[in-house]
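Here the structure comes first, spelled out in structure tokens, and everything after it is commentary.
What follows draws every value from the coordinates through simple rules; no lab data is involved. Nothing here was measured: the structure is a model prediction, and the numbers come from that model. Because the Cβ atoms are built from the backbone with ideal geometry, glycine has one as well, and the counts that use them run over all protein chains shown.
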Amino acid sequence: MANDAKKEIVEKVKQIIAEQLGVDEGEVTPSASFVDDLGADSLDQVELVMALEEAFDVEIPDEDAEKIRTVQDAIDYIDKHAKVGK
């Protein structure tokens with residue numbers, strides 16, 4: 001059951017990242033860097049964090065947001081802090 005929740009988080013995070021950054025979902029791989037691989041600028045990163053907060057009903061403090069640099073970072077953070085499936 002927990003595995004299904006994790007899979008749901010992964011898919012939703014990837015979808016949000018693709019939408020926010022205007023990239024194809026196929027480019028949104030776990031190791032992809034928002035800046036280096038997906039072309040995000042600082043404003044994109046702020047908007048991405050806001051979209052993740054809204055989608056998963058979680059608050060991401062600035063000091064944590066600064067540490068979220070890759071798709072996997074975002075997935076891990078949401079998996080640990082989101083209220084989804086818990």
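From the list A32, A40, A51, A74, the lone residue that is aliphatic (A, V, I, L, M), surrounded by fewer than 16 Cβ atoms within 10 Å (Cβ to Cβ), in contact with a helix residue (DSSP H, G or I) (Cβ under 7 Å, 6 or more places away or on another chain) and within 25 Å of K7 (Cβ to Cβ) is A51. Residues in the range 37-68 that are farther than 17 Å from E19 by Cα and either β-branched (V, I, T) or not in a helix (DSSP H, G or I) (or both): D57, V58, E59, I60, P61, E66, K67, I68. Figure legend. Inter-residue proximity from the range 6-33: first residues touching a residue at least 24 places away in the same chain (Cβ under 8 Å) and of a type in the set (K, R), second residues exposed (fewer than 13 other Cβ atoms within 10 Å of the Cβ) and in a helix (DSSP H, G or I), beta-carbon distance below 6 Å, spacing 6+ or different chains. Indicated pairs: K14/E25. Checking each residue in the range 69-85 for being without any contact (Cβ under 8 Å) to a residue 40 or more places away in the chain and in a loop (DSSP other than H, G, I, E, B) picks out R69, K83. Pairs are defined by a Cβ separation below 9 Å, a sequence spacing of at least 6 or placement on different chains, a first member in the range 43-67 that is under 20 Å from E11 (Cβ atoms), and a second member that is surrounded by 11 or more Cβ atoms within 10 Å (Cβ to Cβ) and aromatic (F, W, Y); the pairs so defined are L48/F34; L52/Y77; V58/Y77; I60/Y77. Residues in the range 22-36 that are within 15 Å of K12 (Cα to Cα), in a loop (DSSP other than H, G, I, E, B) and of a type in the set (D, E, K, R): D24 alone.
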